[in-house]
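Scroll down for the structure; my scribbles are underneath it.
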Amino acid sequence: MPAAVIAVANHKGGVAKTTTCLSLGGALAEQGFQVLLVDLDPQAHLTLSLGIRPEEVRHSVAEALLAQKSLVAVSRETQVAGLDLAPASGDLVILDKVLYGHRGYEYRLKQALERSSLPYDFVLMDCPPAFGTLTINALTAADLLIIPMQCEFYAWRSLRSVLELVTVVREKTNPSLRYRLLVTMYDMRSRVHRMVLDQLRRLFPQALFRTVVQVDARLRESPAHGLPITHYAPRARASEQYQAVAQEICACFSVPSAFLTGSAQIAEYSVIA
Ligand SMILES: Nc1ncnc2c1ncn2[C@@H]1O[C@H](COP(=O)(O)OP(=O)(O)OP(=O)(O)O)[C@@H](O)[C@H]1O
Ligand SMILES: [Mg+2]
């Protein structure tokens with residue numbers, strides 16, 4: 001089976017894109033899958049959260065985007081069995097600007113993924129908080145887009161923009177892009193959070209992951225230990241919640257999962273009422 005390619009993106013900053021990438025990577029690896037994490041953010045938070053210093057990275061994902069090296073050649077093992085990383089480096093800042101000048105820049109990552117047969121079941125790509133060339137590359141290459149979002153009042157505006165981008169990407173470079181929404185940092189004591197979650201459930205009954213990731217301080221600690229929550233604090237609430245999201249993802253791709261109980265369909269919604 002070719003690797004299932006998943007982008008984690010939202011141009012809004014601080015909505016748990018990197019945390020979601022890392023935690024889902026840990027959860028899928030824990031279930032016995034081979035997983036490649038791709039750090040497409042010049043901030044290199046995913047790389048840092050696995051205990052790797054970007055300034056010491058010799059080969060980064062930038063070289064794969066420039067077709068100088070294969071994605072496998074720039075990837076490295078992490079402390080977690082089954083979880084590899086194509087790290088970011090400072091080069092990504094410049095690359096984001098340089099790529100604009102190149103015809104067909106949107107397909108660089110897709111080509112890098114297709115160039116060699118990847119020994120992975122899942123590829124998870126962490127995007128920067130912007131709709132630049134790197135995010136467009138991720139959405140062009142992806143089978144599935146996960147949109148992490150908080151249940152804040154302003155979340156609607158950014159969700160609308162992300163879904164508009166999905167429409168453009170489907171028209172131009174990736175007609176089969178599917179998406180799902182993931183509620184993160186949910187606080188059930190907050191009236192606004194409860195209200196927004198209710199609205200999301202009504203408007204996106206199938207595109208919304210059934211699992212909601214609640215606020216959990218242990219998620220803030222795990223990057224300091226270079227580990228996903230699933231390996232840093234396996235019994236933590238957030239660890240169990242990300243495990244449940246991983247099961248829903250397996251259902252999306254009809255991949256048998258150790259804990260799979262049902263199958264989910266991704267609904268196609270491109271506008272918000
Ligand atoms: N469920 C959660 N509970 C508590 N803290 C969380 C949770 N999810 C993420 N965080 C924390 O929120 C902060 C932002 O998360 P993260 O860096 O994953 O967001 P991001 O969307 O990748 O940000 P950026 O847009 O800068 O890339 C981090 O300090 C992270 O540890
Ligand atoms: Mg991030």
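The values are calculated or read from the model by the stated rules, or taken from the named source; none is laboratory data. No experiment lies behind these values; they were computed from the predicted model shown. Don't worry about glycine lacking a Cβ; one is built from the backbone with ideal geometry, like all the others, and counts go over all protein chains shown. Note: areas computed on protein heavy atoms with side chains; ligands, DNA, RNA excluded. Shrake-Rupley method; radii C 1.70, N 1.55, O 1.52, S 1.80 Å.
Of interest is the spacing of the C-alpha centroids, which for the stretch 1-40 and the stretch 136-175 amounts to 16 Å.
Given charges of +1 on the Cβ of Lys and Arg and -1 on the Cβ of Asp and Glu, with all other atoms neutral, how large is the dipole of the chain about its Cα centre, in debye to the nearest 20? Walk me through the intermediate numbers first.
Details: 27 positive and 25 negative charges, 133 e Å.
Value, rounded to 20: 640 debye.
Taking the average, over residues, of other Cβ atoms within 10 Å as the packing measure, peptides 93-103, 210-220 rank 210-220, 93-103 from highest down. Selection among Val57, Leu46, Val8 by position relative to the dipole of the stretch 3-83 gives Val8 as farthest towards the positive end (Cβ unit charges, Cα centre).
Classify the stretch 1-132 as rounded, prolate or oblate, taking a ≥ b ≥ c as the square roots of the eigenvalues of its Cα gyration tensor: rounded when a/c is under 1.5, otherwise prolate if a/b is larger than b/c and oblate if not.
rounded
Here's the picture: charge each Lys and Arg Cβ at +1 and each Asp and Glu Cβ at -1 in the stretch 4-252, and of Pro175, Ala73, Leu24 the one pushed furthest to the positive end of that dipole is Pro175.
To the nearest 500 deg cm²/dmol, what mean residue ellipticity at 222 nm is calculated for the chain from DSSP H runs of n ≥ 4 alone, each contributing -39,500 (n - 2.57), summed and divided by the residues?
Rounded to the nearest 500, the figure is -11500 deg cm²/dmol.
Counting Lys +1, Arg +1, Asp -1, Glu -1, what net charge surrounds Gly25 among other residues with beta carbon under 10 Å of its beta carbon? Here the count lands on -3. An oblate overall shape is assigned to the stretch 148-242, the ratio a/c of its alpha-carbon gyration tensor axes (a ≥ b ≥ c) being 1.5 or greater and a/b not exceeding b/c. The figure for His193 is an accessible area of roughly 10 square angstrom, using a 1.4 Å probe on the protein chains alone. Ligands, DNA and RNA left out, the accessible area of the chain computed with a 1.4 Å probe is 51% carbon and sulfur.
From most to least packed by mean Cβ count within 10 Å, the peptides 69-76, 120-127 give 120-127, 69-76.
For the chain, the Kirkwood hydrodynamic radius from C-alpha pairs, put into Stokes-Einstein at 10 °C and a viscosity of 1.306 mPa s, yields a diffusion coefficient of 86 µm² per second. Considering only DSSP beta bridges with both partners in the stretch 4-252, what is the antiparallel share in %, to the nearest 5? Just about 5 percent of them are antiparallel.
In sequence order, the stretch 32-42 has phi-based couplings of x, 8, 8, 10, 10, 9, 10, 8, 9, 9, x Hz under the Karplus curve 6.51 cos²θ - 1.76 cosθ + 1.60, θ = phi - 60°, and Gly or Pro positions carry x. Over the stretch 1-57, the reciprocal of the mean inverse Cα-Cα separation, the Kirkwood hydrodynamic radius, stands at 12.4 Å. A probe of 1.4 angstrom, applied to the heavy atoms of all protein chains, finds Arg201 with accessible area near 120 square angstrom.
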